[in-house]
Amino acid sequence: STMRKRQTRYSPHSTTDLSEGREKLRLKQEVGLISGVSLIAGTMIGSGIFMSPEWVLHHMGSPASSLLIWAACGVLAMFGALSYAELGTIIKESGGEYIYILRIFGSFPAFLFAYTSVILVRPAGLAAVCLSFAEYAVAPFYPGCSSPQVVVKCTAAACILVLTIINCLNVRLATSIMNVFTAAKLLALLVIVVGGLVLLAKGQTQSFQNAFQNTTAGIGTVGVAFYQGLWSYDGWNNLNYVTEELKKPEVTLPRAVMIAIPLVTCLYLLVNVSYFAAMAPSELLTSGAVAVTWGDKVLGSWAWLISLSVALSTFGSSNGTFFSGGRMCYIAAREGHMPDILSMAHVRCLTPSPALLFTSAMSLIMIMSGNFTSIVNFFSFIAWFFYGMTISGLLYLKIKKPELPRSYKVPIIIPIIVLIAAVYLVLAPIIDQPQTEILYIVLFIFSGIVLYFPLVRFKCHPRFLQRVTLHLQLFLEVAPTARDAN
């Protein structure tokens, strides 16, 4: 059967002894429609819209072509999310791309995805967002000069530790914080939008005269511009990582996608228009932080509000990234692709605390190195490689398994468009401007082969690992979980 299911050590119907009696231990279904919209929008609106516009303009060369890239990125994110919504109603398990690749293509490619995501992609993405948070959070304390890197990195590390505590304590607390911060960042973006509309009403439209002048049209250049734009939309697939924690996932998943992504796309376009109304393209290109420069020009003495808003925005985005990233690690461990301890949940808090702690530790390591632009480009390269694989799995199911029950169906042309875009985004930068770093990423992905066959395929586990798992289980107060059958 194509929809293969691996036998896991812990049956979905097994029970776990808890202090209240003998009952199943599983994560709670705490995420409703509002929290779902907040998880998607709150993760998408992070550091990208405040930092990526200058890089999109740098690669595209003109304001009009930059706006076209932002609009195209929004459409692509929407098409991808709608395709994932159908997958989420066929395979009603948490884990996003990992669980879809596992059920459709089997264990080996799923392990490579889990290995790459848990060790590199998710921690790197979280580290990048937390570093952005730290830059804006400490900037007011160092007026007129750049912030010391030690202070920035320590602040980013503190952000990760706070997020770890919040997410380990309570799912409802984490989602409530997401809702509050999403509202705050939407308000901040509305301030920028309204400011831009006022400037346009006053006749500041110089940036939009000959708006296509100096446009760059190289295949690879457009691909890299897409990477920078899509970084700001990253998070469109986050709800698929927590499907088992959704209330009525067959309804909540498609609805949340249809509300969140068009909302974010419209805001992004209007915010970019506001930036161009306040600044000439040359000013925007030389701005270290576009939103702060906009605040200095438009808000005057109230410009500090922008720095505060960006800090709040990136913290909220970090929370969403951490929330879903921990679930990725947890699900992979539950399927036998990661150490057993990572598949367990806290017996009282009912959160996947070992997986969250591991994600936190890897992110802290990532903070020590890497720069924002390179992290974005390489993150996007890996992400779109696996997005393409996942979408091809959906096309396979639509053509070969049309009888599978699904409460939502996306027109087949939409996943075809996403697949073509994914192939383009993976190949265009390699063909146009090959970089040795991409070779290192590919080698890293396939280095998982060395681990897969002894540890997963042939299950050669050293005995001392069982004792370590037992001691960690007692220390962390965690127990194996049952899979939720939605």
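For I365, put the label point 7 Å out on the Cα→Cβ axis and report which residues of region 100-118 keep their amide N under 20 Å from it.
Hits in region 100-118 for I365 at 20 Å: 111-118.
What is the mean projected area of the alpha carbon convex hull for region 33-478, to one decimal in square nanometres?
Details: hull surface 85.8 nm².
If I average the Cα hull's projected area over directions, I get 21.5 nm².
May I ask you to derive the relative contact order of region 33-478, considering only C-alpha pairs under 8 Å and at least 6 residues apart, and to give it as an integer percent?
Reported relative contact order: 34 percent.
Loop by DSSP (not H, G, I, E, B), at most 14 other beta-carbon atoms within 10 Å: where is the longest site-free stretch of the chain for GluC sites (Glu not before Pro)?
Looking at the chain, 21-402 is the longest stretch - no exposed GluC sites (Glu not before Pro) with at most 14 other Cβ atoms within 10 Å.
Pop out the ³J(HN,Hα) list for region 450-458 in order, Karplus 6.51 cos²θ - 1.76 cosθ + 1.60 with θ = phi - 60°, rounded to Hz; leave Gly and Pro as x.
My calculation for region 450-458 gives 4, 8, 4, 5, x, 8, 9, 5, 9 Hz in order.
So what does R255 come to for accessible area, using a 1.4 Å probe and Å² rounded to 10?
Near enough 140 Å² of accessible area.
Extending each Cα 7 Å along its Cβ direction at A183 and V198, get the distance between those two points in nm, one decimal.
For the pair A183/V198, the computed spacing is 2.4 nm.
Can you give the accessible area per residue of region 387-477, in Å², using a 1.4 Å probe?
So region 387-477 comes to 66 Å² accessible per residue, rounded to a whole number.
Suppose we keep just the alpha-carbon trace of region 201-346; what are its Rg and Dmax in angstrom?
In order Rg, Dmax, the Cα atoms of region 201-346 give 20.4, 62 Å.
When a/c is below 1.5 the answer is rounded, else prolate if a/b is larger than b/c, else oblate, so apply that to region 386-449 with a ≥ b ≥ c taken from the square roots of the Cα gyration tensor eigenvalues.
Numbers: a/c = 4.37, a/b = 1.99, b/c = 2.20.
Because a/c hits 1.5 or more and a/b fails to exceed b/c, region 386-449 counts as oblate.
Separation between the K459 and E477 pseudo-spin-labels, each 7 Å from Cα along Cα→Cβ, expressed in nm?
Taking the two extended label points, one gets 3.2 nm.
Based on Cβ point charges of +1 for Lys and Arg and -1 for Asp and Glu, what charge dipole magnitude is obtained for region 33-478 about its Cα centre, in debye rounded to the nearest 20?
1000
Of K92/K247; K92/K398; K185/K247; K247/K398; K92/K409; K202/K297, which ones are farther than 23 Å apart at the Cα?
Numbers: K92/K247 12 Å; K92/K398 16 Å; K185/K247 25 Å; K247/K398 25 Å; K92/K409 14 Å; K202/K297 15 Å.
Pairs exceeding the cut-off: K185/K247; K247/K398.
Given a 1.4 Å probe and every protein chain left where it sits, what share in percent of the accessible area of the chain is carbon and sulfur?
67
Mind listing the long-range amide H neighbours of A345? Cut-off is under 5 Å, sequence gap 5 or more, other chains count too, H placed in the peptide plane at 1.01 Å from N.
Close amide H contacts, sequence-distant or interchain: A479, T481.
Label 7 Å along Cα→Cβ of Q466; region 336-364 residues with amide nitrogen under 20 Å?
336-344
The values are calculated or read from the model by the stated rules, or taken from the named source; none is laboratory data. Worth saying up front: this structure is predicted, and the values here are computed from it rather than measured. Methodologically, a virtual Cβ is constructed for each residue, glycine included, from the backbone with ideal geometry; neighbour enumeration extends over all protein chains shown. The accessibility values were calculated without ligands, DNA or RNA, using every heavy atom of the protein model including side chains. Shrake-Rupley method; radii C 1.70, N 1.55, O 1.52, S 1.80 Å.
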